[in-house]
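Visitor: Sharing a structure below in structure tokens format, with a few things to ask.
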Amino acid sequence: MSESLAEVYRLVGAAAREVHRDPREVRVVVVTKTQPVERLEDVLQAGHRIFGENRVQEAKNKWPRLRQVYPDLELHLVGPLQTNKVKEALKLFDVIETLDRPRLAQILGSESVKSGCSLRCFIQVNSGEEAQKSGILPREFESFFQFCRKDCGLNVIGVMCIPPMDEEPALHFALLTDLARRFGLPEISMGMSADFQLAVRLGATYVRIGTKIFGEREK
Ligand SMILES: *Cc1c(COP(=O)(O)O)cnc(C)c1O
């Protein structure tokens, strides 16, 4: 497993250098959903510290104990967040990548003020305008971004997208990078096992990788 992690690092570095980017600008979020804690040890031992989970409950069962051993962890939520789980999410995660609707922004804002935590958020963009997918439509991005910052007081530092399954991802990656540039956002989370090298060439600062490190997940 740490070998496949090393391979991912190598491919990320090569893709970055191809477009004259500093490879250190790109970080790997190792997505550990469905993986039991035993399978994470290798990656942690290898020194990796940035992880992603898609469910609050699953993260709660796995990460608090690991955080005691590895206090420098950076845990990202990469799945949808229900408003009744916000309080718990604030205790568990350093970064919410899936800020995707006004009601969630309001509750995240008020709860993070209450708990005094400096949560970092990425706005999830529904770049393919898919009906079943969460995220903000590109044309609504500006007003949502201002709402999050000014009305909710959220620390929005980036954007995230999951391109449609059946489309060329490059267009979606380019759209996301363009949004980040226009609004001065430093972080761009895009690219998964199948397309992370392309995402790095098009500007990703975080890629989210599960399968390429752990193998296919059990259904
Ligand atoms: C599961 C998941 C990933 C990782 O996908 P792989 O194809 O296994 O690398 C990345 N991002 C999100 C949002 C996910 O849910």
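Visitor: Taking the criterion of being buried (at least 21 other Cβ atoms within 10 Å of the Cβ), within 16 Å of the ligand (Cβ to nearest atom), at negative phi and of a type outside the set (Phe, Trp, Tyr), would at least one residue in the range 139-156 satisfy it?
Guide: no
Visitor: Considering only residues that are outside any helix (DSSP H, G or I) and in contact (Cβ under 8 Å) with a residue 40 or more places away in the chain, which ones fall in the range 39-49?
Guide: Scanning the range 39-49 gives Ala46, His48.
Visitor: For Glu97, state whether it is among the charged types (D, E, K, R), exposed (fewer than 14 other Cβ atoms within 10 Å of the Cβ) and either over 30 Å from Gln197 (Cβ atoms) or at pLDDT 95 or above (or both).
Guide: So Glu97 fails the test.
Visitor: Moving on to the next point. Quickly run through the range 75-86 and pick out the residues that are surrounded by 15 or more Cβ atoms within 10 Å (Cβ to Cβ) and either more than 13 Å from the ligand (Cβ to nearest atom) or part of a helix (DSSP H, G or I) (or both).
Guide: Those that are surrounded by 15 or more Cβ atoms within 10 Å (Cβ to Cβ) and either more than 13 Å from the ligand (Cβ to nearest atom) or part of a helix (DSSP H, G or I) (or both): Leu75, Lys85, Val86.
Visitor: A follow-up question, please. For the range 94-119, which residues satisfy the criterion of being under 15 Å from the mean Cα position of the chain (by Cα) and free of Cβ contacts under 8 Å to residues at least 40 places away in the same chain?
Guide: Within the range 94-119, Asp94, Val95, Ile96, Asp100, Leu119 meet the criteria.
Visitor: Quick one: is Ser115 at pLDDT below 95, away from the ligand (no atom under 16 Å from the Cβ) and either of a type in the set (Gly, Ala, Ser) or more than 23 Å from Leu92 (Cα to Cα) (or both)?
Guide: yes
The values are calculated or read from the model by the stated rules, or taken from the named source; none is laboratory data. Everything numeric in this text was worked out from a predicted model, so none of it was measured. Here Cβ is always computed from backbone atoms with ideal geometry, including for glycine, and neighbour counts include all displayed protein chains.
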